[in-house]
Amino acid sequence: MTENQSEETRRIELEAAAFRALRDHLRERTDVQNIDLMNLAGFCRNCLSRWYQEAANARGEHLTKEEAREIVYGMPYDEWRAKHQREAAAESQAAFEANKPQH
């Protein structure tokens, strides 16, 4: 392994560790709703799972939307929604519509 390959491997491992930390943090913070994440950061758990799916598919690995969501949510999406999703406040819905990301 060359020094450049070693550095690239190190970078990928660190990025993967950061992703896992973010994923685990979002799994623990079930009080934070996706609409709140979208309004504050412009992405949510669904975005993260879509990016994961797109990365897998770009590598030639078939991953469904549901499989990717389960990786991010730590359980089937419908189960997470039933346990943790609340009706968004009117203010949150209005802010989302006003600032809806284009992705």
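Would you check which residues across region 32-61 are among the charged types (D, E, K, R) and in contact with a helix residue (DSSP H, G or I) (Cβ under 8 Å, 6 or more places away or on another chain) and list them?
Answer for region 32-61, where residues must be among the charged types (D, E, K, R) and in contact with a helix residue (DSSP H, G or I) (Cβ under 8 Å, 6 or more places away or on another chain): ASP36, ARG45, ARG50.
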*Could you look through region 22-64, keep only residues that are touching a residue at least 24 places away in the same chain (Cβ under 8 Å) and touching a Leu at 6+ places or on another chain (Cβ under 9 Å), and pick out the one that is nearest to ALA98 (Cα to Cα)?*
PHE43
*Could you say whether any residue in region 78-88 is modelled with pLDDT under 95 and part of a helix (DSSP H, G or I)?*
no
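So is ALA21 loosely packed, with under 12 Cβ neighbours inside 10 Å, in a helix (DSSP H, G or I) and within 12 Å of the chain's Cα centre (by Cα) or not? Please lay out each step first, then the result.
Details: loosely packed, with under 12 Cβ neighbours inside 10 Å: yes; in a helix (DSSP H, G or I): yes; within 12 Å of the chain's Cα centre (by Cα): yes.
Here the answer is yes, as ALA21 does meet what is asked.
The values are calculated or read from the model by the stated rules, or taken from the named source; none is laboratory data. Keep in mind the model is a prediction, meaning the values are calculated, not measured. As a convention, Cβ positions derive from the backbone with ideal geometry for all residues, glycine included, and neighbour counts pool all protein chains shown.
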